[in-house]
Amino acid sequence: MNDLASRKLTTKEYLVVSSLLFGLFFGAGNLIFPLHLGQLAGGHWGLATVGFLLTGVLLPLLSVMAIAVTRAEGVFDVGRPLGVGFALVFMVLIHATIGPLFGTPRTASVSFTVGVAPFVPKADHQVALLVFSAVFFALAFAFSYRENDILSNVGKVLNPMFLALLFLMFLVAFLRPMGNPMSAPATSAYVHSSFVNGFLQGYNTMDAPAGLAFGVTVVHAVRQMGQKRESDVAKVVGKAGLVSMSMVAFIYVLLIVVGAMSLGHFKLSADGGVAFNQVVSYYGGAFGQAVLAVLITVTCLTTAVGLVAAFAQDFHKHFPKVSYHTWLALTTLASFLAANFGLDTIIAWSTPMLMFLYPLCLVLILLSVFSPMFNRDGVVYLFVVLFTVVPALGDMVVSFPKVVSASAFGTAVAAVRSHLPLASLGLSWLVPALAGLVLGLAFHFFRVRGNATALDEN
């Protein structure tokens, strides 16, 4: 029995796990969405923040917990209770979304928007983005191809510098506020539904699907520290996660408040990248902007290396006829092409996909975390996922740009969807998912009781 005992971790080891989780979930891209949320929510930033933290902080932490509880080896295993076919499709959707379609291109577009665009004439932005993204992804490919630790080692030095400068900006912003965040004007959506819109804005971080994809890294690290029981692994991940995600939440809150305060000097920006430029240039001038631009670019490049490598590794694992290096080349090329559509376009087209994928991730994460209560019975998964997917597809269609949402098909879907509860809030999947959970659990416990009765009779 002693072989099964887990040793007690030191405070330093807990901090190592916390640091790993923080690095997993916080990249430079996470700066732009809470800052823009502050501008959108204005004086209603309080409730919007609570909603944002649920999907931007709590759900990503639960995604890693789901990996720990189910002993999963990746995204594929999370969807496995519904069969190999579903698990494979789910894995492809997750990696495509956080990878070459939206997540990886965003690392380059955020770097460009924040770091390069302010120093380039607007007429030359497209050409500059083409050149910048070509160099950016060539470096990402090179570092991923050799699978060395040079860039991650550089990141270990520059990331703390980046955070130090970020907190310096926070200090100056609160000592010299641009405006009163409590009286800042809010957009109409946030005047009426600040909590729900903050909840939906949290989708943009993409951290919940990322947690499913990279959570296995954290779980493996904890196991290597001598945690042998799965309950002990989950406990360590939970404790370390509270520390790391509390820090992420603290940064998010500060960014949201700074975004609301910025309305005292600036108008509502088109996106978070522009908002970040405005705030940094106001407090740091051209020099401060240039320093932060370099650090943000390195941080984003580190994230991009992790994303393209994870995509290539997982796809090679499940489609082994194609080599790791070929998958790496394909995802890097696709990310380069997508990045050149620009940050605004990437956000506009990623939103519908996230409106579909996030509800699916949310129910699968919660089912995984609480799966010991129903022995990970596939029938519970089936009812919940089936009742979630259909309305979530409707939320996706109506969230597309007008070329899709205003078409005859989009109008028809919107008409049907409008009859579902909470559809006007973008949560048409919630009530059906709860209904599916009740039916699934009822079916599971009825079957268990039936099996127990049959055994007693025998």
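Miscellaneous remarks
- In order along region 351-362, the phi-based Karplus estimate (6.51 cos²θ - 1.76 cosθ + 1.60, θ = phi - 60°) of 3J(HN,Hα) comes to 4, x, 4, 6, 5, 8, 6, 5, x, 5, 4, 4 Hz; Gly and Pro are listed as x.
- Net charge of Cβ neighbours under 10 Å - reference residue 81; Lys, Arg +1; Asp, Glu -1: 0
- Links that overshoot a 31 Å alpha carbon limit, given the list 235/317; 228/317; 8/321; 317/402; 321/402; 235/321: 8/321; 317/402; 321/402; 235/321
- Think of a 1.4 Å ball rolled over the protein heavy atoms: region 312-410 then has 44 Å² of accessible area per residue.
- Convex hull volume per residue for region 374-457, taking Cα atoms only, in Å³: 93
- Note that region 180-248 shows a convex hull volume over its alpha carbon atoms of 118 Å³ per residue.
- Normalised contact order of region 374-457, rounded percent, pairs of Cα under 8 Å and 6 or more residues apart: 43
- P(r), alpha carbons of the chain - 10 Å bins starting at zero, rounded %: 4, 19, 30, 27, 14, 4, 1, 0, 0
- Formal net charge of residues neighbouring residue 98 (Cβ-Cβ distance under 15 Å; K, R +1; D, E -1): -1
- Neighbour-limited loop hits for trypsin sites (Lys or Arg not before Pro), region 301-382 (at most 16 other Cβ within 10 Å; DSSP other than H, G, I, E, B): 321, 376
- In the chain, Cα pairs under 8 Å separated by at least six residues give a relative contact order of 29 percent.
- Ligands, DNA and RNA left out, the accessible area of region 11-344 computed with a 1.4 Å probe is 69% carbon and sulfur.
- Equivalent-ellipsoid semi-axes for region 189-310 (Cα gyration tensor, √(5λ), whole Å, largest first): 34, 20, 14.
- Across region 53-65, rounded Karplus estimates of 3J(HN,Hα) from the backbone phi angles (6.51 cos²θ - 1.76 cosθ + 1.60, θ = phi - 60°) give 5, 5, 8, x, 10, 5, 5, x, 5, 5, 5, 5, 4 Hz, Gly and Pro being marked x.
- Each residue of region 98-108 was assigned a 3J(HN,Hα) from its phi angle through the Karplus curve 6.51 cos²θ - 1.76 cosθ + 1.60 (θ = phi - 60°); the sequence is 7, x, x, 7, 9, x, 5, x, 5, 4, 6 Hz, with glycine and proline shown as x.
- Candidate lysines for bridging to residue 122, where Cα separation is under 22 Å - those fewer than 8 sequence places away on the same chain excluded: 267
- Solvent-accessible area, 1.4 Å probe, carbon plus sulfur percent, for region 374-457: 74
The values are calculated or read from the model by the stated rules, or taken from the named source; none is laboratory data. Bear in mind the structure is a predicted one, so any value in this text is a computation, not a measurement. Cβ coordinates were reconstructed from backbone atoms using ideal geometry, including for glycine residues, and neighbour counts include every protein chain displayed. Surface areas here come from the heavy atoms of the whole protein model, side chains and all, with no ligands, DNA or RNA. Shrake-Rupley method; radii C 1.70, N 1.55, O 1.52, S 1.80 Å.
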